[in-house]
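The values are calculated or read from the model by the stated rules, or taken from the named source; none is laboratory data. Predicted, not measured: the structure shown is a model, and the values here were computed from it. Note that we place each Cβ from the backbone using ideal geometry, even for glycine, and neighbour counts take in every protein chain shown.
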Amino acid sequence: MTTAYFWEYHQEAPTSGRKLRLLDKAELVFALPLIYRMVHPDVVGEKAGWFNLLMHSPASYTELIANINILVQLRKKNQTVDVQLQQVNRMLNQYFSDLGWRMVRKELSQIKKRQKKSHIEVSKDIILRLKRYMELERLDSFDQALDTLLSEHAATVSAANEEETF
């Protein structure tokens, strides 16, 4: 079970919409490379509105990176990251402005969406055969069609293996 950490707004919190979330354990694989990229001093210079400049100093950057590195090491060693993640989230909340964190969440959402999809090249005749199969089986998507075919194949192979053992 993951605990949701919510953003503490620097300005006035919006009255509608979902609250911004900080990082959770499930997102670390996608989020950490993005965070490393976003907190770099060059990005801070280019997008000053995204950062809480009162909290920004070379020391705060160094401390944030050190804490993120500790988080990465804990994750690699399969150790509990809850306390360190809370610390990193607290620091990120101080480092970014409300707008900046909204942009980070937006980019993270795009990264996660891209990770969920995969593209394969399939010839037109196979696409047509799949579409016919979808019509016959009343399936709505290629995902469903492929999943059904693979499940049927696995069941057939399993049944054949059981017959061989008897």
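Residues in region 136-166 that are charged (D, E, K, R) and loosely packed, with under 10 Cβ neighbours inside 10 Å: 138, 140, 143, 162, 163, 164. On inspection, residue 62 passes the criterion of being farther than 18 Å from residue 100 by Cα, hydroxyl-bearing (Ser, Thr, Tyr) and modelled with pLDDT of 90 or more.
Looking across 122, 157, 81, one residue alone is closer than 16 Å to residue 27 by Cβ and either among the β-branched types (Val, Ile, Thr) or touching a residue at least 40 places away in the same chain (Cβ under 8 Å) (or both). It is 81. What about residue 9, is it more than 16 Å from residue 106 (Cα to Cα) and loosely packed, with under 15 Cβ neighbours inside 10 Å? Here the answer is yes, as residue 9 does meet what is asked. All of (1) over 23 Å from residue 12 (Cα atoms); (2) surrounded by 14 or more Cβ atoms within 10 Å (Cβ to Cβ); (3) among the charged types (D, E, K, R) hold for residue 121 with one exception: (2).
Filter region 13-31 down to the residues that are aliphatic (A, V, I, L, M) and part of a loop (DSSP other than H, G, I, E, B) and list them by number. Matches in region 13-31: 13, 20, 22, 23. Sort out which residues of region 26-64 are hydrophobic (A, V, I, L, M, F, W, C) and within 20 Å of the chain's Cα centre (by Cα), and write them in order of number. Within region 26-64, 26, 28, 29, 30, 31, 32, 34, 35, 38, 39 qualify. Checking each residue in region 46-58 for being among the small types (Gly, Ala, Ser) and modelled with pLDDT of 85 or more picks out 48, 49.
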